[in-house]
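J.: Just passing along the structure, written as structure tokens.
The values are calculated or read from the model by the stated rules, or taken from the named source; none is laboratory data. These numbers come from a predicted model, not from an experiment. All Cβ positions, glycine included, derive from the backbone under ideal geometry; neighbour counts span all protein chains shown. These accessible areas exclude ligands, DNA and RNA; they are computed on the full protein's heavy atoms, side chains included. Shrake-Rupley method; radii C 1.70, N 1.55, O 1.52, S 1.80 Å.
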Amino acid sequence: MMDQNQHLNNSTEAQPSRKRKTKCCNGFKLFFAALTLSFICKALNAVIMKSSITQIERRFDITSSVVGLIDGSFEMGNLFVIVFVSYFGSKLHRPKIIGIGCLIMGTGSILTALPHFFMGYYRYSKETLINPSENSTSSLSTCLMDQTLLLNTTSPEIVGQGHEKESVSYAWIYVLMGNMLRGIGETPIGPLGISYLDDFAKEGHSSFYLGSLNAMAMAGPVTGLLLASQFAKMWVDIGYVDLRSIRITPRDSRWVGAWWLGFLVAGLLSIISSIPFFFLPSSLDKPQKERKVSISSHLLKTNEEKSQTTNLTNPRQKLTEHITGLIQSLKSILTNPLYMIVLFLTWLQISSFIGAFTYAFKYVEQQYGQSASETNMLFGMIAIPTISIGMFTGGYITKKFKFTLLGFAKFSFATSLVSFSFHLLNFALVCESKPVAGLTLTYDGNNPVASHINVPLSYCNSDCNCDKNQWEPVCGDNGITYVSPCLAGCNSSSGNKKPIVFYNCSCVEATGFQNGNNSAHLGECPRDDKCKRKFYFYLAVQTVYHFFTALGGASTFMLIFKNVQPELKSLAVGFHALTIRALGGIPAPIYFGALIDRACMKWSINSHGKRGSCRIYNSILYGYTYWGLMDSLKFAALILYVVLIFTMKKKLQGKDTKASENGKKAMNEANLESLNDGHSVPPARADGETHF
């Protein structure tokens, strides 16, 4: 009977313990699921922004450097709160802070899409009036000797009544603010989420959960690129205009897809991902294997209580100690030569990566004539899986061979050198500029021009009264692109019948082309077969390059905090992140964009007469500028790798020499003591062994 009562008491006591354990596990699983969704949304937002860069540039009629500023605003927002989050985040309710961050991130994405709803319909040509109920090609001006420029006959009243409002000049500021807000919201998700995960995971399981989190987060970039690919096919004003009235195709340099849909989807998902965090506790009780409280933990708790009492009695002294300690710690890492070399070389590498990735989609569109939809799909199918495999393989290699600090540096240098070598092949894959009359050729198409600026009219179009600012490209039967039907000297067209064809083009005839009827069809001429073949080689080179770059990623990260004292690891990683964001994430897209703008041959002109977005680039100058800037940064990083390895070896040799000197000194002292005691020590042989 007594045993039965004891058994009942034990089961009664075990029941609350089992409940607490189940509650703890359920709370942790819920947090992990919510954090995974937030990481997916974070990556989804980032990819949607990067893949929409070209669409935003065209929609708001802005230059690449301004788009670079918009892209860098994310890092600005991040910098505003990173110090607050790093210091106060762990002291507050972490799940709720993460939830608020997801909410702000979603709001930022929705704010980014907001300008679409008050800007009116998109005009892909200054002379184009898109009417939802009409299908017209009346704005396509042909060569008529008595023609009055359409630009002069289109009154502001007609523009206003044509269901079209001019793009607001500074509406892109909303996109910048939305992206900045997204940066603010995203800041607490990573550091607070991972620290919470590490605190309440079972002992030894943190790395498993962290690896699973990063693996599942890769669904974000893949989903983002697939969504961006589909939205890029849709017309920006889908649902508001008659799509039959749209004359251009997704391959046209003026095409703008439904860029705003991606931000709405990502924003709504981010807001949904915030909900579970508001129902999670500030801390979870770890499951107890045994109901024992160790003496050491009790003493630790007592010491903490005493420390808290001391802090309350003298808060000013504690604050002074914190500031002094922070300054000393910063001084320690900033005077560490190995850490500083790693900081500078990773800054160069990441600046190269950020600038390149920001304009990678645009480069493929302009260089190889791919549409935005096709480009997004290709990056989703090739780049993301390759980077994932490279990161996994790199992590496995570092774990398998258990590299020392010098080993990490050598492996990282080797992978960077291989990826750099493959990257140089991109210079050979740059395509020739398209033959465009008035930009690369004379208007009669017979001679190249030294400069694309102010190319004089030819006898074939000098009497046509054409507007040189108009960009309505047509492709002649001779394979030459003309800026407009008027500048091609075309006298008639097929009207509304698609595909739209223009006939009796005097400038096409002037080239002596005999196998056609001197006609031209709407749109730029496609790339030649040689450039198409280069595109497939480009995909192969990018696959190998991304693999080797990702392969050394884990080793490079290990170098960041392995070069400092253990107690300074967190500060070293935090200072590194802060520096990279401030000096890499913000300026890189801006100066990459500014240099790319220099390769533009034809700018759009907005209603205020100012320069808008670029219509066509000098392919050779664009390619050499793009790859040259990247490889310059990468080459400088390789030089710093050599300096790093040399400095590490010198430091190790110094330690060995010091250890050897200390050993000799100890031996001499031992010999002296033996002599003083009246004993003799046997002489040492040349091989280092003692001879008896």
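J.: Criterion first (open to solvent by 70 Å² or more (accessible area, probe 1.4 Å), modelled with pLDDT of 85 or more and at negative phi) does L30 satisfy it? Break it down into steps so the answer makes sense when it comes.
T.: Values: open to solvent by 70 Å² or more (accessible area, probe 1.4 Å): yes; modelled with pLDDT of 85 or more: yes; at negative phi: yes.
It is true that L30 is open to solvent by 70 Å² or more (accessible area, probe 1.4 Å), modelled with pLDDT of 85 or more and at negative phi.
J.: Whether any residue in the stretch 392-414 is open to solvent by 60 Å² or more (accessible area, probe 1.4 Å), closer than 26 Å to Y617 by Cβ and within 21 Å of the chain's Cα centre (by Cα) is what I want to check. Full working, then the answer.
T.: Taking the stretch 392-414 as the starting set, the residues that turn out to be open to solvent by 60 Å² or more (accessible area, probe 1.4 Å) are 392, 396, 399-402, 404, 410.
Checking which are closer than 26 Å to Y617 by Cβ leaves us with none.
No, there is no match, as no residue in the stretch 392-414 is open to solvent by 60 Å² or more (accessible area, probe 1.4 Å), closer than 26 Å to Y617 by Cβ and within 21 Å of the chain's Cα centre (by Cα).
J.: Quick test of your reading of the structure: T442 fulfils all but one of (1) in contact (Cβ under 8 Å) with a residue 24 or more places away in the chain; (2) open to solvent by less than 40 Å² (accessible area, probe 1.4 Å). Name the failing condition by number.
T.: (1)
J.: Scan the stretch 234-249 and report the pairs whose first residue is basic (K, R) and whose second residue is modelled with pLDDT of 80 or more and not in a loop (DSSP other than H, G, I, E, B), with Cβ atoms within less than 9 Å and a gap of 6+ or a chain change.
T.: Matching pairs, first to second residue: R247/L522.
J.: Same structure, new question: Scanning the stretch 330-352 for residues that are touching a residue at least 40 places away in the same chain (Cβ under 8 Å) and open to solvent by 60 Å² or more (accessible area, probe 1.4 Å), which turns out farthest from the chain's Cα centre (by Cα)?
T.: From the stretch 330-352, those touching a residue at least 40 places away in the same chain (Cβ under 8 Å) are 330, 332-333, 336-339, 341-352; that's our starting set.
Going one step further and asking which of them are open to solvent by 60 Å² or more (accessible area, probe 1.4 Å), we end up with 337, 344, 347.
Values: P337: 29, F344: 20, W347: 15 Å.
My answer is P337.
J.: Could you go through the stretch 356-368 and let me know if any residue there is over 12 Å from the mean Cα position of the chain (by Cα), surrounded by fewer than 20 Cβ atoms within 10 Å (Cβ to Cβ) and of a type in the set (F, W, Y).
T.: Among the residues of the stretch 356-368, not one is over 12 Å from the mean Cα position of the chain (by Cα), surrounded by fewer than 20 Cβ atoms within 10 Å (Cβ to Cβ) and of a type in the set (F, W, Y), which makes the answer no.
J.: Also, quick follow-up: Can you tell me which residues in the stretch 28-63 are outside any helix (DSSP H, G or I) and not charged (D, E, K, R)?
T.: Across the stretch 28-63, the qualifying residues are S52, F60, I62, T63.
J.: In this structure, is W259 under 28 Å from C475 (Cβ atoms) and at pLDDT 90 or above?
T.: On the way: under 28 Å from C475 (Cβ atoms): yes; at pLDDT 90 or above: yes.
In short, yes.
J.: Within the stretch 237-268, track down each residue that is part of a helix (DSSP H, G or I) and in contact with a Leu (Cβ under 7 Å, 6 or more places away or on another chain).
T.: G262, V265, A266
J.: Another question about this same structure. When only residues in the stretch 590-643 that are assigned to a strand (DSSP E or B) and touching a Phe, Trp or Tyr at 6+ places or on another chain (Cβ under 7 Å) count, which is surrounded by the fewest Cβ atoms within 10 Å (Cβ to Cβ)? Walk me through it before giving the result.
T.: From the stretch 590-643, those assigned to a strand (DSSP E or B) are 600-605, 611-617; that's our starting set.
Right, trim to touching a Phe, Trp or Tyr at 6+ places or on another chain (Cβ under 7 Å) and you get 600-602, 604, 611-612, 614-615.
Values: C600: 20, M601: 21, K602: 19, S604: 20, R611: 15, G612: 19, C614: 22, R615: 19.
Only one residue fits best here, namely R611.
J.: Could you run through the stretch 477-489 and say how many residues are out of contact with any Gly (no Cβ under 8 Å at 6 or more places or on another chain) and outside any loop (DSSP other than H, G, I, E, B)? Steps first, please.
T.: Of the residues in the stretch 477-489, the ones out of contact with any Gly (no Cβ under 8 Å at 6 or more places or on another chain) are 479, 481, 484-486, 489.
So of that shortlist, the ones also outside any loop (DSSP other than H, G, I, E, B) come out as 481.
Residues that pass the stated criteria total 1.
J.: Mind checking which pairs have a first residue in the stretch 40-54 that is open to solvent by 10 Å² or more (accessible area, probe 1.4 Å) and among the hydroxyl-bearing types (S, T, Y) and a second that is at pLDDT 95 or above and not in a helix (DSSP H, G or I), Cβ under 7 Å, 6 or more apart or different chains?
T.: No pair meets every condition.
J.: Still on this structure, please answer the following. Residue under question is G108, and the condition is that it be of a type in the set (G, A, S) and touching a Pro at 6+ places or on another chain (Cβ under 9 Å); does it hold?
T.: No; evaluated as a whole, the condition is false for this residue.
J.: Anything in the stretch 532-556 that is without any contact (Cβ under 8 Å) to a residue 12 or more places away in the chain and surrounded by 19 or more Cβ atoms within 10 Å (Cβ to Cβ)? List them, or say none.
T.: Correct list: empty.
J.: A follow-up question, please. Mind telling me which of the residues S229, S274 ends up being touching a residue at least 60 places away in the same chain (Cβ under 8 Å), buried (at least 22 other Cβ atoms within 10 Å of the Cβ) and touching a Cys at 6+ places or on another chain (Cβ under 6 Å)?
T.: S274
J.: Could you list, in sequence order, the residues of the stretch 610-639 that are over 24 Å from T440 (Cα atoms) and not β-branched (V, I, T)?
T.: Those that are over 24 Å from T440 (Cα atoms) and not β-branched (V, I, T): L629, M630, D631, S632, L633, K634, F635, A636, A637, L638.
J.: Can we say D467 is more than 13 Å from C143 (Cα to Cα), open to solvent by less than 80 Å² (accessible area, probe 1.4 Å), touching a residue at least 24 places away in the same chain (Cβ under 8 Å) and not β-branched (V, I, T)?
T.: For D467, the condition - more than 13 Å from C143 (Cα to Cα), open to solvent by less than 80 Å² (accessible area, probe 1.4 Å), touching a residue at least 24 places away in the same chain (Cβ under 8 Å) and not β-branched (V, I, T) - is not met.
Each row is one residue, and each column tells you yes or no for (1) surrounded by 12 or more Cβ atoms within 10 Å (Cβ to Cβ); (2) at pLDDT below 80; (3) of a type in the set (D, E, K, R).
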residue: L284; (1), (2), (3): yes, yes, no
residue: S307; (1), (2), (3): no, yes, no
residue: R316; (1), (2), (3): no, yes, yes
residue: L319; (1), (2), (3): no, yes, no
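J.: For G523, only one of the following conditions fails: (1) open to solvent by 50 Å² or more (accessible area, probe 1.4 Å); (2) on the phi > 0 side of the Ramachandran plot; (3) not β-branched (V, I, T). What is its number?
T.: For G523, the exception is condition (1).
J.: Another one. With respect to the numbered conditions (1) more than 25 Å from S613 (Cβ to Cβ); (2) modelled with pLDDT of 85 or more, which one is the sole condition not fulfilled by T358?
T.: Condition not satisfied by T358: (1).
J.: Please verify whether the stretch 111-127 includes one or more residues that are at pLDDT below 50, open to solvent by 30 Å² or more (accessible area, probe 1.4 Å) and within 27 Å of D237 (Cα to Cα).
T.: Just the residues of the stretch 111-127 that are at pLDDT below 50, to begin with: 127.
In the following step, the residues that additionally are open to solvent by 30 Å² or more (accessible area, probe 1.4 Å) were identified as none.
No, because not a single residue in the stretch 111-127 is at pLDDT below 50, open to solvent by 30 Å² or more (accessible area, probe 1.4 Å) and within 27 Å of D237 (Cα to Cα).
J.: For the stretch 494-503, indicate whether the set of residues that are assigned to a loop (DSSP other than H, G, I, E, B), modelled with pLDDT of 85 or more and either within 18 Å of C466 (Cα to Cα) or open to solvent by less than 10 Å² (accessible area, probe 1.4 Å) (or both) is non-empty.
T.: There is no residue in the stretch 494-503 that is assigned to a loop (DSSP other than H, G, I, E, B), modelled with pLDDT of 85 or more and either within 18 Å of C466 (Cα to Cα) or open to solvent by less than 10 Å² (accessible area, probe 1.4 Å) (or both).
J.: For the stretch 72-84, indicate whether the set of residues that are at pLDDT 75 or above, open to solvent by 40 Å² or more (accessible area, probe 1.4 Å) and among the small types (G, A, S) is non-empty.
T.: No, there is no match, as no residue in the stretch 72-84 is at pLDDT 75 or above, open to solvent by 40 Å² or more (accessible area, probe 1.4 Å) and among the small types (G, A, S).
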